[in-house]
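Note sheet for the following structure.
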Amino acid sequence: MTLTGELFIGQGRVAAGEHFRGIEAETGHPLEPPFGAANPEHVSRACVLAEAASRDYATRPLSDRAAFLEAIADNIERLGDELLERAHLETGLPLARLAGERGRTVGQLRLFAAEVRDGGWLGLRVDPAIPDRQPLPRSDLRSRNVPLGPVAVFGASNFPLAFSVAGGDTASALAAGCPVVVKGHPAHPGTSELVAGAIAGAVAASGLPEGVFSLLNAVSNDVGAALVADPRIRAVGFTGSRAGGLALMNIAARRPVPIPVYAEMSAINPVLLMPAMLEEKAEALGAAYVASLTMGAGQFCTNPGLVLGLEGPALDRFVAAATQAVTEASAATMLTPAIHAAYEKGVGQLIGNARVAALARGKDAQGPHQGQAALFSILADDFLTDEHVSQEVFGASSVLVRCADEAALARVVAGLEGQLTATVHFAAADEPLVARLVPLLEEKAGRLIANGWPTGVEVCHAMVHGGPFPATSDGRSTSVGTRAIERFLRPVCYQDFPASLLPDVLKPGAQQGLPHRLDGRLMAE
């Protein structure tokens, strides 16, 4: 596919007047072609088309919607190596990592297709009328979930495929029956165009209204602001910085009709080292921790940016192993010059903090925009009184908090903000302590991990990739897994409607084969 730099507004390819270029991550050199930058007029046109498509798309048979999602997956696979090579140029991510991410992207599209066919997300409930109930009769009540309407999706910088144009937010919104307008991330515009072509082709081949999908590329934040403010947009999916997420939340809240913003923002994902496990495997834990920390130059939202351990010889052994592993870690190209600059600034602030001890830095950079791993330590009491140390540094930087005893460790956990993950490494002898900590950790994180590492998010039914603020804007939601579809649905109840006017899935007997509740009882068929 030849890149044109044009916008996708429905089925139209639109050339914009202002342009920007993608940047080769490893060199900083501009890439061809120039890409058109959307303006507020383009935003309005895309949203008009999305609104026009909304009712038609929402009422299509579920089998058609599922087939559409599968067609997108097939089209992305047909892009072949061209997609991976362009993504590598724009992000510096290794081809093997990008191949895995492509697999995750098409896998989640097919997972949502299966979820659409299953129908459990419809939330069907039927409470038949009880005309002779005393003291008052009961009406016939039937409810289902319906799509919210057009959704604005913001592509992420660190996952050019799985959290971008056809990523989890787009897949779950389309699965829910909502048209999508994507604001592409300017760090990988060529990758975005290739994937947008795959989606647009599936829209046309499936005979869907053109407004089901649009892609707007832009560098300016004004375009994203205009998209969220547009009255035709009914919800927002965002993955990015806390500042960006809060800005979108504020715009959405100030609208005449506020809308939900599902923003995945910042987390430092604490790792707790229990004493018996630390005594048993300190060196192995130190090496494994740094492997997780430095994966992908540390550019994961689940990166282990904080480690908690009890003072003692076993913790010293862990520190020695981790320090050695960080020292031996090669510098890695970061996604963009701006992300690299922000990382160096964050590391520099930790180095300049008198309460923080710098333990190790990775090997020197061999090229532009390469991040060196960094490991720091701080005493628990100092950590609790210095809010700057607990702020996310996006990259391979982590802070070890030395806790004098179990009470200090619990105080540190209690003082943490909301997180995506919390990890506990423990042996059998540690289980009583872990049992006391789990209720506290449940308050702090969306996913609790036993004897593993937070990097790596399985796309499946049970996964929760979310957490209390500021990990996400709404701790009741997830952006990964089939529960993600729930963000873009709302319940509607139909009271005493004749069968002729009921939605097909709520007509008498139509629930057979679909999960539903009948008079409160959960029915498998």
Grab the strands (runs of 3 or more DSSP E) fully contained in the stretch 232-302, keeping just those with 1 or more residues being in contact (Cβ under 8 Å) with a residue 60 or more places away in the chain and farther than 28 Å from ASP430 by Cα. 235-239, 261-264
Can you tell me which residues in the stretch 16-38 are under 21 Å from GLY224 (Cβ atoms) and open to solvent by 40 Å² or more (accessible area, probe 1.4 Å)? GLY17, GLU18, HIS19, ARG21, ILE23, PRO34
Just need a number here: residues in the stretch 1-26 that are part of a loop (DSSP other than H, G, I, E, B), at pLDDT below 95 and among the β-branched types (Val, Ile, Thr). 1
Against the definition (farther than 30 Å from ARG411 by Cβ and at pLDDT 95 or above), how does LEU501 come out, yes or no? yes
Counting only residues in the stretch 179-190 that are within 18 Å of the chain's Cα centre (by Cα) and not basic (Lys, Arg), the one surrounded by the fewest Cβ atoms within 10 Å (Cβ to Cβ) is identified as PRO186
Of everything in the stretch 366-384, what is modelled with pLDDT under 95 and open to solvent by 50 Å² or more (accessible area, probe 1.4 Å)? Give them in sequence order. GLN366, PRO368
Is it the case that the stretch 197-214 has a residue that's touching a helix residue (DSSP H, G or I) at 6+ places or on another chain (Cβ under 9 Å), under 22 Å from LEU31 (Cα atoms), part of a helix (DSSP H, G or I) and open to solvent by less than 10 Å² (accessible area, probe 1.4 Å)? yes
Can you say whether ALA225 is of a type outside the set (Ser, Thr, Tyr), within 24 Å of the chain's Cα centre (by Cα) and assigned to a helix (DSSP H, G or I), as far as the supplied structure shows? yes
Across the stretch 215-228, what is the total count of residues that are buried (at least 19 other Cβ atoms within 10 Å of the Cβ) and out of contact with any strand residue (DSSP E or B) (no Cβ under 7 Å at 6 or more places or on another chain)? 1
Exactly one of VAL399, VAL438, VAL413, VAL434 is assigned to a helix (DSSP H, G or I), within 23 Å of SER241 (Cα to Cα) and over 21 Å from the mean Cα position of the chain (by Cα), and that one is VAL413
Please tell me if GLU101 is crowded, with 17+ Cβ neighbours inside 10 Å and of a type in the set (D, E, K, R). yes
If we keep only residues of the stretch 468-517 that are under 27 Å from LEU111 (Cα atoms) and assigned to a strand (DSSP E or B), then the residue most open to solvent (accessible area, probe 1.4 Å) is ARG490
Quickly run through the stretch 39-48 and pick out the residues that are open to solvent by 10 Å² or more (accessible area, probe 1.4 Å) and either in contact (Cβ under 8 Å) with a residue 12 or more places away in the chain or assigned to a loop (DSSP other than H, G, I, E, B) (or both). ASN39, PRO40, HIS42, SER44, ARG45, VAL48
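The values are calculated or read from the model by the stated rules, or taken from the named source; none is laboratory data. For clarity, every value in this text was computed on a predicted model and none was experimentally measured. Quick reminder, even Gly has a Cβ in these numbers, built from the backbone with ideal geometry, and neighbours come from all protein chains shown. These area figures cover heavy atoms from the full protein model, side chains too; ligands, DNA and RNA do not enter into them. Shrake-Rupley method; radii C 1.70, N 1.55, O 1.52, S 1.80 Å.
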